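**Q** If you scroll down you'll find the structure; I have some questions about it.
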Amino acid sequence: MEEKQQRQPIYDLHERPPFFQLIGLSLQHLFSMFGATILVPLLVGLNPGVALFSSGVGTLIHLLTTKGKVPAYMGSSFAFIIPMASMMKTIGYPAVGQGVVSVGIVYLIISLIVWRVGSAWIDKIFPPEVVGPVILVIGLSLAATAAQSATELNGHYDTKVFLVAGATLLVTIFANMYLGGFLGLIPVLIGIIFGYLLALALGLVDLSPVASAHWFALPKFDFLFSDHNGLSWHFYPMAVLTMAPLVLVTLSEHLGHLLVLAKITGQDFFDNPGLHKTLAGDGAASVFAGLVGGPAVTSYGENIGVMQLSRVYSVWVIGGAAVLAAGFAFIGKLSALIGTVPGAVTGGVGFMLYGVIAAAGLQVIVDNKVDYGQKRNLMIAGPVMVVGIGNFHLALGSQVDFSGVALATVLGIILNLILPKVAKSDR
């Protein structure tokens, strides 16, 4: 009974927290996703303010498309970094924009197919012996990134970074375990604030971007159908052919994130609102991003980790984070301030956020009593975890790169479909 009580949500999907709690909980999500969302445009050469705006609006579009039934935050996708960076250096944003829009259109086409065919096939290709290891991989595949952020400064090991990351993690754990009331709902935000203040004291924070930023700053939108000379249009088929196939990567991430959310919240999102609605939400969000100058977007594991940790699943909180993100894109000093949060802090929080996602995968295995005394289950889980966590990726030329998570998901599906129920040596 006590274990069941611990799993009860504090705020369920459609429960709206009081206003000031809503702001605090939404800020927690904003801080959790901010670093990754602006890192993508910085690596590619796009405007971070536009990426922040398109992630906020894209999340609202996703919420509207799914009728407010899926608490998913849409942030910049890492799957398209290589082709976008290449095109920004050679052609410029019109090509990138067409590629991003094509990604969204492919999602919309797939959503139509799923709408016609149904999603009953999900249960067949994703039984617990596949779901558990895949969810575990989604969390632990980011462990190396968190560890690097938590130990290195400018590519070199730094003890101060280690101390800040460790302190951030410990404070997050302490806040989650020992604080009650509203403070107990925002352990990640408390950890980030403490880590930031410690990093500031140790000289790891550069506040010069905040000082030079304007209070009001209009993001530099790159509209798809215009350039410096006004309206224009030129079709770049290679942009479409390069980026559209990578939907296979983000599609597997989409399915994995839905599985994690379903496990955490106890809701079957494949049935209600339906996989076709969640895919359409992703697609529409990416189409919007491509039209205004942002990168393609996808659901974020960081925000799923926050929900798992806080047991707050409210779509109102996700919507609040989206509104704050879109609004902060126009407030230069606030955007700059959030941008100064060092990797030591995000790495320290990442240990917790990525770990709780992995723990959700373990919970699937335990709850469904997956027997690893059976060779079949071992033959599925073993390769899936090593391929995903080790990032055994497939690079097709310089433009297309399938991540370890994507390959692990596909591998798990294939092994589940082709392996016999019982190994011949066990009969």
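The values are calculated or read from the model by the stated rules, or taken from the named source; none is laboratory data. These numbers were taken from a predicted model, which means no experiment stands behind them. Counting neighbours? That spans all protein chains shown, and the Cβs are built from the backbone with ideal geometry, glycine included. Just the protein is used for accessible areas: all its heavy atoms, side chains included, with ligands, DNA and RNA removed. Shrake-Rupley method; radii C 1.70, N 1.55, O 1.52, S 1.80 Å.
**Q** Ignoring ligands, DNA and RNA, what percent of the 1.4 Å accessible area of the stretch 1-132 is carbon and sulfur?
**A** Carbon and sulfur: 65 percent of the exposed surface of the stretch 1-132.
**Q** Moving on. Could you work out what % of the accessible surface of the stretch 170-225 is carbon and sulfur, using a 1.4 angstrom probe and leaving DNA, RNA and ligands out of the count?
**A** Result for the stretch 170-225: 75 percent of the exposed heavy-atom area is carbon or sulfur.
**Q** Quick one: grab the alpha carbon gyration tensor of the stretch 62-172, order the square roots of its eigenvalues as a ≥ b ≥ c, and give me rounded if a/c is under 1.5, else prolate or oblate depending on whether a/b is larger than b/c.
**A** oblate
**Q** Let me ask something else. Could you report the stretch 1-120's accessible area per residue, 1.4 Å probe, as an integer in Å²? Don't skip to the answer; put the middle values down first.
**A** Numbers: 5320 Å² over 120 residues.
Roughly 44 Å² per residue, with all protein chains present.
**Q** Restricting to lysines 8 or more places apart or on different chains, can you count the pairs in the chain with Cα atoms under 24 Å from each other?
**A** 22
**Q** Under the rule a/c < 1.5 gives rounded, and otherwise a/b versus b/c splits prolate from oblate, where does the stretch 115-251 land using the Cα gyration tensor?
**A** oblate
**Q** Probe of 1.4 angstrom, ligands and nucleic acids ignored: what's the accessible area per residue over the stretch 338-427, in square angstrom? Kindly include the intermediate steps, with their values, before the conclusion.
**A** On the way: 4450 Å² over 90 residues.
Using a 1.4 Å probe on heavy atoms only, each residue of the stretch 338-427 averages 49 Å².
**Q** Determine the share of the stretch 259-352's accessible area contributed by carbon and sulfur atoms, expressed in whole percent, with a 1.4 angstrom probe.
**A** Roughly 63 percent, rounded to a whole number.
**Q** Positive end of the charge dipole of the stretch 1-78 (Lys, Arg +1 and Asp, Glu -1 on Cβ, about the Cα centre): tell me which of Ser76, Thr65, Ile38 has its Cα farthest that way.
**A** Thr65
**Q** Ok, one more. What are the DSSP H helices in the chain that stretch 15 Å or more along their long axis, judged by alpha-carbon atoms, and whose average Kyte-Doolittle hydropathy comes to at least 0.5?
**A** Membrane-span-like by this rule: 19-44, 48-65, 93-117, 128-140, 159-178, 187-201, 247-265, 275-292, 315-328, 343-367, 375-389, 404-418.
**Q** If packing is taken as the average number of other Cβ atoms within 10 Å across a peptide's residues, how do 179-187, 157-165 rank, most packed first?
**A** 157-165, 179-187
**Q** Obtain the nm distance between the two label points defined at Lys375 and Ile91 by a simple spin-label model: each point lies 7 Å from its Cα along the Cα-to-C-beta direction.
**A** My value for the distance between the label points is 5.1 nm.
**Q** Still on this structure, please answer the following. What number does the chain give for Rg over Rh if you use C-alpha atoms and the Kirkwood radius?
**A** Numbers: Rg = 21.2 Å, Rh = 22.0 Å.
A ratio of 0.96.
**Q** To continue, here is another question. Considering only protein heavy atoms, what per residue accessible area in square angstrom results for the stretch 216-331 with a 1.4 angstrom probe?
**A** 37 Å²
**Q** Highest mean first, how do 200-207, 323-330 rank when packing is the count of other Cβ atoms within 10 Å averaged over residues?
**A** Answer by packing, highest mean first, reads 323-330, 200-207.
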